[in-house]
Amino acid sequence: MMRIVLLGPPGSGKGTQAKLLERHFGIPQVSTGDIFRKAVAAKTELGDRVAKYLEAGALVPDDLTVGLVRERLKQSDVGRGFVLDGFPRTVPQAVGIEEILREQGWELDAVVNINTPTEVLVPRLALRRTCPTCGMVFHLEHRPPDGDGRCTACGSAVVTRPDDNVETVKKRIAVYNAQTSALVDYYRKKSKLIDVDGMGDADDVFDGIQAALEQRRKGSERRA
Ligand code: ADP
């Protein structure tokens, strides 16, 4: 059983690590950003409600976001756990997920904080490409898509996210600093936080996460 939250600014590598964790542990990635983007693309009612926030790099209101995650975590594929990628992003959302988990008799195992210096985020996101179908994340230099610009996992043509332009990226980083970074202390106080170094290539970061999770697991076995 593995119930994990990934925390970190935009461009820290949450989506990439979520996919690696998904494959390694056989648990689904739950990305609120991917869910919102798909809704916008499909022009659903949810999509119509959230489009303006995504475009502006602002947060979707908490009640809407928490309600969406509550419904998502009722699906049968999360029985063995999940990786929450991009949620929670505010203290009210963190309180919301606690309530959702309590309703199910569940608890978070760990909150992985991917530490990444601010100055690398803007250049990273400028070179990011994203698969609109499966959410796989690419970097034109370090993790390029297939030669003809297709997703290596599902074959769709990769795109530049409309909110990955410099201006909106700066806004998203500011939103992270103002509203999300407080969750680092929030989860540290609850002894849930695992700090990992977000520099280096994706596989190195993943090794760091795995080692930290393992250490934590051993620690909790010793305490039990
Ligand atoms: P990144 O981590 O690169 O910023 P995401 O895909 O996680 O990208 O999020 C993209 C956008 O989706 C955010 O800028 C915001 O508008 C919306 N969003 C995603 N998750 C949340 C959330 N938990 N609360 C509110 N808005 C969210």
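The values are calculated or read from the model by the stated rules, or taken from the named source; none is laboratory data. Just so it is clear, the structure is predicted and the values come from calculations on it, not from any experiment. Cβ coordinates were reconstructed from backbone atoms using ideal geometry, including for glycine residues, and neighbour counts include every protein chain displayed. To get the accessible areas, we keep the full protein, side chains included, count just its heavy atoms, and leave off ligands, DNA and RNA. Shrake-Rupley method; radii C 1.70, N 1.55, O 1.52, S 1.80 Å.
Run lengths n ≥ 4 of DSSP H only: what is the helix-derived mean residue ellipticity at 222 nm for the chain, with -39500 (n - 2.57) per run over all residues, to the nearest 500?
-15000 deg cm²/dmol
Across bins of 10 angstrom width beginning at 0, how are the C-alpha pair distances of the stretch 1-128 distributed, in whole percent?
The calculated distribution, bin by bin, is 12, 42, 37, 9, 0.
L84's amide H: which non-local residues (gap 5+, or another chain) put their own amide H closer than 5 Å, with H modeled 1.01 Å from N in plane and none for Pro or chain starts?
I4, V5, L6, V30
Anything in the chain that counts as a DSSP H helix reaching 18 Å or more along its axis (C-alpha) with Kyte-Doolittle mean of at least -0.5? List them, would you?
45-56, 91-104
Assuming a ≥ b ≥ c are the square roots of the Cα gyration tensor eigenvalues, decide whether the chain counts as rounded (a/c under 1.5), prolate (otherwise, with a/b larger than b/c) or oblate.
Rounded shape, in that the Cα axes give a/c under 1.5.
Counting only protein heavy atoms, what percent of the accessible surface of the stretch 120-224 is carbon or sulfur at a 1.4 Å probe?
Whole-percent figure for carbon plus sulfur exposure: 52.
Could you please state, rounded to a whole Å, how far the C-alpha centre of the stretch 26-48 is from the C-alpha centre of the stretch 68-130?
Cα centres, the stretch 26-48 to the stretch 68-130: 14 Å.
Could you work out the relative contact order of the stretch 1-135? I mean the mean sequence separation of Cα pairs under 8 Å and 6+ apart, divided by the number of residues, in percent.
The normalised contact order for the stretch 1-135 reaches 45 percent.
Assuming a strict under-16 Å limit between Cα atoms, what lysine pair count do you get for the chain once near-sequence pairs (fewer than 8 apart, same chain) are dropped?
So the count of such lysine pairs works out to 4.
Taking a ≥ b ≥ c as the square roots of the eigenvalues of the Cα gyration tensor of the stretch 155-211, is the shape rounded (a/c under 1.5), prolate (a/b larger than b/c) or oblate?
oblate
I need to check one value: relative contact order of the stretch 76-219, counting alpha carbon pairs closer than 8 Å and at least 6 residues apart, in percent.
Reported as a whole number, the value is 29 percent.
Can you work out the FRET efficiency for the pair E214 and E103, with r the C-beta to C-beta distance and R0 = 30 Å, to the nearest 0.05?
It comes out at approximately 0.55.
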